[in-house]
Amino acid sequence: MMEELLRTVTELPGPTGEEEAVLAGLETEWAGRGELKRSPIGNLTLRIPGAGPRVVLAAHADELSMIVRSVTADGFLRIVPGERDQFASPYFIGTPLRILASRGPLAGIFASTTGHSQTLEQRDKTRLSWDDVYVDTGLTAADLKERGVGIGTRMVWEQPLRKMGRLLVGKALDDRVGIAVLVALARALEKPPARFDVTIAATVQEEIGLPGAASLSRSGDGYDIGFIIDNSLAGDVPTVSSEHMPVSLGGGPPLVHRESSAHYSTRLIRELHAVAAREGVPVQDAVLYHYHSDGANLIRQGMETVLVARPIRYSHSPFEAIDPADLEATVALLVGFLTTAPGKASRG
């Protein structure tokens, strides 16, 4: 079930600033499950009213993307990243792209000069800039204009989710894995939870600097506790030391103590460890660096906050890899926390 759910949400295009397809899919999925609300900037929330403190669980709907800065006279697209400038060095030459033209999606390829066409200077370059790459669609400038491609048109990687051994590999697992967890969580909470008043939120524009989460409670919804459902780095690959990142796929969701923007609630982390022990759910602990999430903005809004992640290999690439068992463990952990008082075992 989790594999098919993840396949569905990763196939929806949701570049930063143009997350509508993902949000519309969630609106259909969540209709009738509680109180749906869409904020002016696009955040989508589902409230499942209940007793007790108000809890919000958030994952971001956007994915890594590129955006057209100009169209050449001969029909090539000059591009820049759709995210923060930390992605200033382009890579993954040859990756297929889905260009979100206003009159329907187009195929393209992320390209640069290669092979016999390269000059000696180009061959000697060890680092490409955005001036060295472009997108080829096989169309002329006139064709592109007719199809609705111009400055500001966004594009995402065109990579279907596929199985590789026990793993699932594809694009946009950051953070459609979190979205899939929220969908599964909403399905599991068929009745209002006894402990909390629960809101599930899909935020926008996380990858450009977190503005979606920054506005999450400004609609007048006062949340007491915030959960961020995002990804954690995995250190179980040959080029990463376990001393730097002692997190592995299949080990359960990491509970993040600190990342580049915030320290997280030690009280909530202790309670989640107790829930994990009670429910028999594997969890890991993590300290992250060179990493930002929506969590800091929940803290700024006065919420006691925790980051519950899933380990991921090859983050911010078209071939992100996860173990679906970690998704199932994350859902079980969150359901256990939301529905069962501390010290009591959940039914089943």
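FYI, it's all coordinate maths here, none of it is from the lab. Nothing here was measured: the structure is a model prediction, and the numbers come from that model. Note that each Cβ is placed from the backbone with ideal geometry, even for glycine, and that neighbours are counted across all protein chains shown.
Overview of results
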item	result
FRET efficiency estimate (nearest 0.05) - Cβ-Cβ, residue 125 to residue 102, R0 30 angstrom	0.30
Largest-first principal axis extents of the Cα set of segment 66-157 (Å)	40, 30, 19
Label point distance in nm, residue 239-residue 190, each placed 7 Å from Cα along Cα→Cβ	4.7 nm
Residue 273-residue 304 FRET efficiency (beta carbon distance; Förster radius 22 Å; 0.05 resolution)	0.85
For residue 43, residues with placed amide H under 5 Å, excluding near neighbours	204
Segment 156-289, relative contact order in percent, only Cα pairs under 8 angstrom and at least six apart counted	17 percent
All lysines inside 30 Å of residue 37 as judged from Cα atoms, apart from same-chain residues fewer than 8 positions distant	171, 191
Positive-end residue, the chain charge dipole about Cα centroid, Cβ charges, pick of 102, 118, 51	51
Under-5 Å amide H pairs with residue 63, H placed in peptide plane, nonlocal only	14, 16
5 angstrom amide H check on residue 231, placed H, neighbours 5+ away	310
Estimated vicinal HN-Hα couplings, Hz - segment 69-82 in sequence order (Karplus 6.51, -1.76, 1.60; Gly, Pro = x)	9, 6, 10, 6, 4, 9, x, 8, 9, 8, 9, 9, x, x
Lys, Arg +1 and Asp, Glu -1 on Cβ, resulting dipole of the chain about Cα centre, debye, nearest 20	640 debye
Reciprocal mean inverse distance between Cα atoms of segment 91-236 - Kirkwood radius, Å	19.6 Å
Alpha carbon centroid spacing (whole Å) that separates segment 221-292 from segment 1-24	24 Å
Integer Hz, Karplus 6.51/-1.76/1.60 couplings in order for segment 253-267, x for Gly and Pro	x, x, 9, 8, 7, 7, 9, 5, 10, 6, 9, 9, 4, 5, 5
Square roots of five times the Cα gyration tensor eigenvalues for segment 233-342, Å	22, 18, 12
